[in-house]
Amino acid sequence: MTRNRRSVGYFATSEIQPPSGIEKAMVFLSFLLLLLTLPISIFLSVIVMSEYQRVVIFRCGRLKRGGARGPGLVFRIPCIDFCVRVDLRTVSYDVPAQEILTKDHVTISLDAAVYYRIYDPLLAVIQVENVHFATRMLAQATLRNIAGQKHVLELMSEKDSISMAMSAILKSATAPWGVYVERVEIKDVRLPLNLQRAMAAEAEAIREAKAKVVSAEGELSASKALKAASDVIAANPVALQLRYLQTLSLISGDQNKNIIFPFPVNLIKQLMKSKCSECSGATSPTKKKEQVAETDGGNVDEALEEAYRRLDTQFLPTPFECNSECLKRDYVSR
């Protein structure tokens, strides 16, 4: 252990140097006093170390040869030995929220969690005054430095990369102190309220634009499908009647009270033809009533077939050829 520490050059200890005469005399007198006060002095000379603890002993100010002691029973001389306990368990440190100015000049609040442990008790005791305080201050400074070099969007979307960069910096910086940084996690990035509203509005606008694009693509696909279906129906006129019956079947299956009955376009054409003929004087009201009576008294199917035949053989004049007075008269007569 001593050779490794000296090769790295962290610090130099005097544990291998021979003690001076005064130190030898103090050790002899301390042992003599310990023997004279037995068995009471045994309770002051033996300390118990847990499995996760180590103790570093300094005798007359010098590091005692053999490195850190423990776990178990450790013997020390009460008068001249000074012991420092070191805990080897992982310590979790909650970095307080730091007010940071990012690279794009936005003030944010950022906090993190750091997990570290001491792997070399001698380095942790001799190399630094307070290893826990030094590690925590370094974690805060590193968090501020890394976050100050990033944009706001990078801090929100690249938390893992920031955590890894912070962990690498802390590992290299705390290695001379005998500290190993196990993990660093960015917990929360708090933005100003105005910036949150602006980012929410931007995200909402982007989502709406994407939704409109998807809707337009769906309409395009549906129009293509409808065009193909209309081509199939146009090839066989019976398909339109079958489709109409299928629609009525679907409506009746839902137990609806209202059924929408589509009015045939051919009948509308026949009605417009009768209006125009009345305007031109070709048909009188008496004749029209007689035709309606004959149609009501006869067979409905034969009347529909006769109407279809007439529409197929004749053309419908433009509705705008009839003036408003003719339409009013027809509406009053009905």
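Which three extents, in angstrom, do the Cα atoms of the stretch 2-87 have along their principal axes, listed largest first?
On the principal axes, the stretch 2-87 reaches 44, 36, 13 Å in Cα extent.
What do you get for chymotrypsin sites (Phe, Trp or Tyr not before Pro) in the stretch 20-111 restricted to DSSP loop and a cutoff of at most 16 other Cβ within 10 Å of the site's Cβ?
Passing both the DSSP loop test and the Cβ count: Tyr52.
For the stretch 163-208, what number results from the quotient of the Cα radius of gyration and 2.2 N^0.38 Å? Write out the running numbers ahead of the final one.
Values: Rg = 18.3 Å, N = 46, 2.2 N^0.38 = 9.4 Å.
My calculation over the Cα atoms of the stretch 163-208 gives 1.94.
Any idea what diffusion coefficient the stretch 113-259 gets from Stokes-Einstein, in µm²/s, Kirkwood Rh on alpha carbon pairs, 4 °C, 1.567 mPa s?
Answer, rounded: 59 µm²/s.
Quick one: 3J(HN,Hα) in Hz for the stretch 69-74, Karplus 6.51/-1.76/1.60 with θ = phi - 60°, rounded, Gly and Pro as x.
9, x, x, x, 8, 10
Which residues' amide hydrogens lie under 5 Å from the amide hydrogen of Arg183, considering only partners 5 or more residues apart or on another chain, with H built in the peptide plane?
Amide H neighbours of Arg183: Tyr115.
Multiplying the sequence separation of Val214 and Met199 by 0.36 nm and subtracting their Cα-Cα distance, what value in nm do you get? Spell out each step's value before the answer.
Details: separation 15, 0.36 × 15 = 5.40 nm, distance 2.26 nm.
Length gained between Val214 and Met199: 3.1 nm.
Could you work out the per residue convex hull volume over the alpha carbons of the stretch 131-211, in cubic angstrom? Can you show the working numbers first?
Values: hull volume 8.3 nm³, N = 81.
Enclosed volume per residue, from the Cα hull, is 102 Å³.
Within the stretch 121-195, which chymotrypsin sites (Phe, Trp or Tyr not before Pro) sit in a loop by DSSP and count at most 13 neighbouring Cβ atoms inside 10 Å?
For chymotrypsin sites (Phe, Trp or Tyr not before Pro) across the stretch 121-195 that sit outside H, G, I, E and B with at most 13 neighbouring Cβ atoms in 10 Å, the list is empty.
Read phi for every residue in the stretch 168-184 and hand back ³J(HN,Hα) as whole Hz from Karplus 6.51 cos²θ - 1.76 cosθ + 1.60, θ = phi - 60°, with x for Gly and Pro.
Working through the residues one at a time gives 5, 5, 5, 4, 5, 7, 9, 4, x, 8, x, 10, 10, 8, 7, 7, 10 Hz.
What trypsin sites (Lys or Arg not before Pro) does the stretch 16-75 have in DSSP loop regions with at most 14 other beta carbons within 10 Å?
Here the sparse-neighbourhood loop sites are Arg65.
Under 10 °C and 1.306 mPa s, how fast does the stretch 89-143 diffuse according to Stokes-Einstein, given a Kirkwood radius computed over C-alpha pairs? Answer in µm²/s, whole number.
Calculated translational D: 124 µm²/s.
Under the definition of Cα pairs under 8 Å and six or more residues apart, what whole-number percent is the relative contact order of the stretch 91-191?
40 percent
Any read-out appearing in this document is the output of simple, stated calculations on the displayed coordinates, not a laboratory observation. The structure displayed is predicted, hence computed values, not measured ones. For neighbour counting, all protein chains shown are included, and Cβ atoms are generated from backbone atoms with ideal geometry for every residue, glycine included.
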